[in-house]
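A.B. asks: One structure, pasted below without further comment.
The values are calculated or read from the model by the stated rules, or taken from the named source; none is laboratory data. Because the structure is predicted, anything quoted here is derived from the model rather than measured. So basically every Cβ, Gly included, is an ideal-geometry build from the backbone, and we count neighbours across all protein chains shown.
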């Protein structure tokens, strides 16, 4: 038994288990006193206070990089004729004998002039355009200077000076002001409701049926529409109308298609001495074609037509395509491909095919390459490759070579049309017919009918009947049929035929039919049977 003092002494010491003792550090650092912590806490408080003060000052101070507000300048020509004129910018880059007279509309000519002010220009029909001038105010020194630049440019390019100008924070509002004849400037988006409220609803660029609905509801001005909630207006008048109203008020960002000038490529090489052989001309044209290929790859373009102009100088004599006065002679050589390409190797092959066998009028002192037809380059492969045709590139180049050798009009292709009448289901078109025009001619996609031969006779040839048997060079044997084709019953000359596959003793497979619309009852006379085609 321990005494009271010994027990009190042991009780005053902390009891630490062996595991807890193992976790304790061997030597504990000395804790700083409260007097030593006081300066550090004061410094931390001062730092936090300074940070809070700086944040408040930044919030109160104006932003150094404010977002630039958009400002759209609209031009409306009420009586602008819808005519096309020669592009003066394209002709200015070419020599007099290489003028191509690329026609553009008058509104595009105004857009070319406005490119000096802004790079974002959008056309609105053939009589109006809009350009973004918010980023150009500081450069030109204000809106007044921009207006003077636009007016002077229009007066120099067009004799037609009757136009309306309007400026607003968005393109839809500026075009609406210009088309209603209000030459005003709205700089702030908050002023759009009050300034646009007096415009009648029949002047809005919306559907005629929606205008009638607005008139029937008693909404004759835009200020009447401002009183309606937008969700209810969307339900009553449609989504397109509500989107248009929101774009006019600046509540919806309007994405407009950017107008771009038509690209024109022009390059020429002058020779100190005359080029008299075909190989010398080809060597010079090869340099021009490689430059063109670099230009097309840089711009992601391709072309289907090239024009080379050979300048014979003053010593050339003979035939010439363009005579500009004096003794200077020129000759044009056009290289065409059906599918737009950008390969200098292919163009050089076609040009060499055309130059082979040509008689030049003299020594060539300059060669000019001029290209005006451009399309966007679409590489092969990817998802779109499944929807394209299965014609090979080598076959296309072979046909291009034949067209260059024989002439583009000498090579023709068979075009299918959606028609049940066999003689109207095909059509011969020029080899250089672009695919866009083919879709207009054929309408929907057409598949080849394996039962019909490709070689048809125009018109069908009557068959003779000898000894109660069809005869073509020898007696015919019907192998397969009949297959009835009956169409165009709504016209005077309807088609009602029974087609058969027949063969003669010479081994020819023929496509014959019996004309039921003109046959005399059940009798098989000589005028009721016709030969329509041959199977290969």
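A.B. asks: Go through the range 482-518 and give me each residue that's farther than 15 Å from residue 535 by Cα and not in a loop (DSSP other than H, G, I, E, B).
C.D. replies: 482, 483, 484, 485, 486, 487, 495, 496, 497, 498, 514, 515
A.B. asks: Please state which of the following conditions residue 492 fails to meet, knowing it meets all the rest: (1) at pLDDT 80 or above; (2) over 15 Å from residue 424 (Cβ atoms); (3) exposed (fewer than 14 other Cβ atoms within 10 Å of the Cβ).
C.D. replies: (1)
Condition check ((1) within 10 Å of residue 74 (Cα to Cα); (2) in contact with a strand residue (DSSP E or B) (Cβ under 9 Å, 6 or more places away or on another chain)) across all residues:
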position: 141; (1), (2): no, no
position: 146; (1), (2): no, yes
position: 149; (1), (2): no, no
position: 153; (1), (2): no, no
position: 165; (1), (2): yes, yes
position: 169; (1), (2): no, yes
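A.B. asks: Continuing with this model, one more query. Scanning for something under 30 Å from residue 302 (Cα atoms), touching a helix residue (DSSP H, G or I) at 6+ places or on another chain (Cβ under 7 Å) and modelled with pLDDT under 90, does the range 234-253 turn up at least one residue? So that I can check it myself, show each step before the final result.
C.D. replies: First, pick out the residues of the range 234-253 that are under 30 Å from residue 302 (Cα atoms): none.
Looking for residues that are under 30 Å from residue 302 (Cα atoms), touching a helix residue (DSSP H, G or I) at 6+ places or on another chain (Cβ under 7 Å) and modelled with pLDDT under 90, one finds none in the range 234-253, hence no.
A.B. asks: What number of residues within the range 435-466 are part of a loop (DSSP other than H, G, I, E, B) and modelled with pLDDT of 85 or more?
C.D. replies: Of the residues in the range 435-466, 2 are part of a loop (DSSP other than H, G, I, E, B) and modelled with pLDDT of 85 or more.
A.B. asks: Give the residue that is surrounded by the fewest Cβ atoms within 10 Å (Cβ to Cβ), with candidates limited to residues of the range 126-159 that are assigned to a strand (DSSP E or B) and touching a helix residue (DSSP H, G or I) at 6+ places or on another chain (Cβ under 7 Å).
C.D. replies: Among those that are assigned to a strand (DSSP E or B) and touching a helix residue (DSSP H, G or I) at 6+ places or on another chain (Cβ under 7 Å), it is 128.
A.B. asks: Another question, if that's okay. Quick one: residue 304 ticks every box in (1) modelled with pLDDT of 90 or more; (2) buried (at least 16 other Cβ atoms within 10 Å of the Cβ); (3) on the phi < 0 side of the Ramachandran plot except a single one, so which number is it?
C.D. replies: (1)
Residues checked against (1) over 19 Å from residue 124 (Cα atoms); (2) within 32 Å of the chain's Cα centre (by Cα):
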{"position": "186", "(1), (2)": "yes, no"}
{"position": "208", "(1), (2)": "no, yes"}
{"position": "215", "(1), (2)": "yes, no"}
{"position": "222", "(1), (2)": "yes, no"}
{"position": "242", "(1), (2)": "yes, yes"}
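A.B. asks: Which one of 219, 123 is touching a helix residue (DSSP H, G or I) at 6+ places or on another chain (Cβ under 7 Å) and within 15 Å of residue 77 (Cβ to Cβ)?
C.D. replies: It is 123.
A.B. asks: Hey, does the range 511-527 have a residue that's within 15 Å of residue 421 (Cβ to Cβ), loosely packed, with under 12 Cβ neighbours inside 10 Å and at pLDDT below 85?
C.D. replies: There is no residue in the range 511-527 that is within 15 Å of residue 421 (Cβ to Cβ), loosely packed, with under 12 Cβ neighbours inside 10 Å and at pLDDT below 85.
Residues are listed down the side, and each one gets a yes or a no for (1) touching a helix residue (DSSP H, G or I) at 6+ places or on another chain (Cβ under 6 Å); (2) on the phi < 0 side of the Ramachandran plot; (3) surrounded by fewer than 17 Cβ atoms within 10 Å (Cβ to Cβ):
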| site | (1), (2), (3) |
| --- | --- |
| 164 | yes, yes, no |
| 169 | yes, yes, no |
| 178 | no, yes, no |
| 187 | no, yes, yes |
| 194 | no, yes, yes |
| 198 | no, yes, yes |
| 207 | no, yes, yes |
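A.B. asks: Go over the candidates 227, 234, 239, 223 one by one and state the one that is touching a residue at least 12 places away in the same chain (Cβ under 8 Å) and not assigned by TED's automatic domain parsing to the domain that holds residue 353.
C.D. replies: Just one listed residue meets the conditions, 223.
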